1. Using DSSP to define loop residues, name the chymotrypsin sites (Phe, Trp or Tyr not before Pro) in the chain whose beta-carbon has at most 15 other beta-carbon atoms within 10 Å.
2. Could you tally the net charge around residue 12, taking each other residue with its Cβ under 14 Å from the Cβ of residue 12, Lys/Arg +1 and Asp/Glu -1?
3. First obtain the Kirkwood hydrodynamic radius of the chain from its Cα pairs, then insert it into the Stokes-Einstein equation at 20 °C and 1.002 mPa s, and state the resulting D in µm² per second as a whole number.
4. May I ask you to list the GluC sites (Glu not before Pro) in the range 1-62 that are in a DSSP loop and have at most 14 other Cβ atoms within 10 Å of their Cβ?
5. Given the rule -39500 (n - 2.57) for each run of at least 4 DSSP H residues, summed and divided by the residues of the chain, what is its mean residue ellipticity at 222 nm, to the nearest 500 deg cm²/dmol?
6. What net charge is computed for the residues neighbouring residue 31, neighbours being all others with C-beta under 13 Å from the C-beta of residue 31, Lys and Arg scored +1, Asp and Glu -1?
Amino acid sequence: MIEDSIHPGWQKSSFCQSDGCIEIAAVDQGIWVRDSKLGDASPVLKFDSDEWQAFRRGILAGEL
């Protein structure tokens with residue numbers, strides 16, 4: 001669940017063609033990721049900026 005005091009602006013990927021997508025939000029603490037199907041009930045993965053950059057590098061390098 002999301003902390004009550006934070007209201008992130010969730011965004012879906014422009015590649016999303018269904019309700020089964022992930023959403024991301026940039027917050028002061030880093031990047032949060034959730035399942036769009038579950039909305040506010042979704043568990044939220046929280047990445048700091050270094051973790052997020054490492055994740056992105058892995059995707060762009062074809063490692064994930």
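Where a number appears in this text, it was derived from the coordinates with a stated rule and is not lab data. What you see is a predicted model, and the numbers here were worked out from it, not measured in a lab. All Cβ positions, glycine included, derive from the backbone under ideal geometry; neighbour counts span all protein chains shown.
1. Loop-located and lightly packed - 15.
2. Around residue 12, the surrounding residues sum to -1.
3. Value of D from the Cα-based Kirkwood radius: 170 µm²/s.
4. Passing sites in the range 1-62 are 3.
5. Estimated from H runs of four or more residues: -6000 deg cm²/dmol.
6. In short, -2.
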